[in-house]
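Q: Here it is, the structure in full.
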Amino acid sequence: AAWLDSNAPTLKQGATGEYVVQLQKDLNILGYGLSTDGSFGPATLKAVKDYQSQMELEVDGSVGPATRSSIINTVNSYESSTSIQIPGSKAIVKGNTGFRVRFLQKMTRI
């Protein structure tokens with residue numbers, strides 16, 4: 001898929017098209033609940049920034065090679081049931097929310 005191509009364009013607010021649809025689908029796998037309308041609007045921007053923050057990436061709201069690679073790797077880990085590896089380096093503590101918590105919950109139900 002083009003989304004996996006290392007030459008995929010950097011996505012940012014205002015972008016439209018199939019790359020944005022795939023971004024939205026992948027973020028939805030991680031529990032962000034976005035509309036997959038192919039429009040990088042405010043909700044997609046917020047999800048990208050939340051993801052970047054949780055993964056300790058540069059929080060700029062754009063999806064370049066580092067963020068795209070991280071999302072793809074996280075989705076692959078999330079969908080895999082062969083190991084329990086929580087993406088990101090921050091410890092999960094009581095009161096945390098977000099996809100890393102959902103990931104842990106999914107993996108511990110196996």
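Laboratory data are not the source of any read-out in this text; all were calculated from the coordinates shown. This structure is a prediction, so every number in the text was calculated from the model and none was measured. Backbone-built Cβ (ideal geometry, glycine too); neighbour counts: all protein chains shown.
Q: Given labels modelled 7 Å from the Cα in the Cβ direction, how far is it in nm from Lys49 to Asn76?
A: 3.0
Q: Give me a comma-separated list of calculated 3J(HN,Hα) values for segment 32-47, in order, Karplus coefficients 6.51, -1.76, 1.60 applied at θ = phi - 60°, integers in Hz, x for any Gly or Pro.
A: 7, x, 8, 6, 8, 9, x, 10, 7, x, x, 5, 5, 4, 4, 4
Q: What aspartates and glutamates could a cross-link reach from Lys12, if we take a straight Cα to Cα line under 19 Å and drop same-chain neighbours fewer than 8 places away?
A: Partners within reach: Asp26, Asp37, Asp50, Glu56, Glu58, Asp60.
Q: Sequence-distant or interchain residues sharing an amide H contact under 5 Å with Val63, placed H: which?
A: Leu11, Lys12
Q: Taking θ as phi - 60°, what are the ³J(HN,Hα) couplings along segment 96-101 by the Karplus curve (6.51, -1.76, 1.60), each to the nearest whole Hz, with x for Gly and Pro?
A: 5, 9, x, 5, 5, 5
Q: Next question, about the same structure. Give me the distance in nm between label points sitting 7 Å out from Cα along the Cα-to-Cβ direction at Glu18 and Asp5, one decimal.
A: For Glu18 paired with Asp5, the spin-label model returns 0.8 nm.
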